[in-house]
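FYI, it's all coordinate maths here, none of it is from the lab. All values derive from a computational prediction rather than experimental measurement. Cβ coordinates were reconstructed from backbone atoms using ideal geometry, including for glycine residues, and neighbour counts include every protein chain displayed.
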Amino acid sequence: MTEYFGALKISEMMTESLMMEIMQKYHFQDAKDEMHQVFLAMRSVIKDQERYEIRLDSDAMKADIAVTLGGLVDHYQDQLSKSGDIMKELMVEQISWDLLAQGYKLIRDDLCEKHGLVMAKMHFWGGEQEYPLEKLQVVLEEFEHVNLQLSHALSLRPSKSAVFQAELRPVEDGAESHGFCSTCNRQESCEYYHD
């Protein structure tokens, strides 16, 4: 088992063009000033909090992966909620999920570059019968460098986090790098999925 971890550095990718892409994707064009404020705040709150950890089992060709934007995003979103700023609160939600997706892509690229492995499929806990949500606590206990917890309602804390198991394939076996969504097991229920 190989373990490695570190900062995701997604905040460094948070450019004006990414903001415009997210703004158009979620139809926030009429709220550009608010989007700009939220985007800058998000970059600030995740900068020292964004983390990942990979527990790579090369023999079994799988990896348990944890990704988080950190707890300050939850705090920021709670502040917006208490002040009744629903639009900005929604912006935080949409930006967060897109940033997590950027994190998955960084990990996918890292596995390919450092280990010659392609992430062939992503299995999110609670998304399939073989990956029951009730077993997620056992998986979380294996991670030593990303502090994630389950609430009583079995949701992750910090909430802008994800834990999944990736099926891996060697690049030299002719495995192709598929579109990001093609590797995910949640296509049927995901509002962000696009063919």
Diffusion constant of the chain at 20 °C, which comes from Stokes-Einstein with the Kirkwood Cα-pair radius and 1.002 mPa s, µm²/s = 122
Proximal aspartates and glutamates relative to LYS47, as straight alpha-carbon distance under 16 Å, when same-chain residues fewer than 8 apart are discounted = GLU12, ASP74, ASP98
What spacing in nm lies between the two simple spin-label points modelled at HIS145 and THR2, each 7 Å away from Cα in the Cβ direction?
-> 1.3
Projecting the Cα atoms of GLY71, ASN147, HIS115 onto the charge dipole of the chain, where Lys and Arg contribute +1 and Asp and Glu -1 at Cβ, the residue farthest towards the positive end is GLY71
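So what is the 222 nm mean residue ellipticity for the chain from helices alone, if each DSSP H run of at least 4 adds -39500 (n - 2.57) and you divide by all residues, rounding to the nearest 500 deg cm²/dmol?
On the way: 5 runs with 74 residues, N = 195.
-12500 deg cm²/dmol, from helical runs alone.
Would you mind checking LYS25/LYS160; LYS88/LYS121; LYS88/LYS114; LYS62/LYS160; LYS105/LYS160; LYS9/LYS121 for any pair whose Cα atoms are more than 27 angstrom apart? Present the calculation step by step, with values, prior to reporting the outcome.
Numbers: LYS25/LYS160 19 Å; LYS88/LYS121 33 Å; LYS88/LYS114 38 Å; LYS62/LYS160 23 Å; LYS105/LYS160 16 Å; LYS9/LYS121 23 Å.
Violating the 27 Å Cα-Cα cut-off are LYS88/LYS121; LYS88/LYS114.
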Global size of the range 115-167 as Cα Rg and Dmax, reported in angstrom | 11.9, 39
Give a residue-ordered list of calculated ³J(HN,Hα) values for the range 14-29 (Karplus: 6.51 cos²θ - 1.76 cosθ + 1.60, θ = phi - 60°; whole Hz; x for Gly, Pro).
-> 7, 8, 4, 5, 5, 4, 5, 4, 5, 4, 6, 4, 10, 6, 9, 4
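Figure the gain on full extension for ASP110 and GLU130 (residue separation times 0.36 nm, minus the Cα-Cα span) and round it to one decimal in nm.
Details: separation 20, 0.36 × 20 = 7.20 nm, distance 2.64 nm.
Length difference between fully extended and current span is 4.6 nm.
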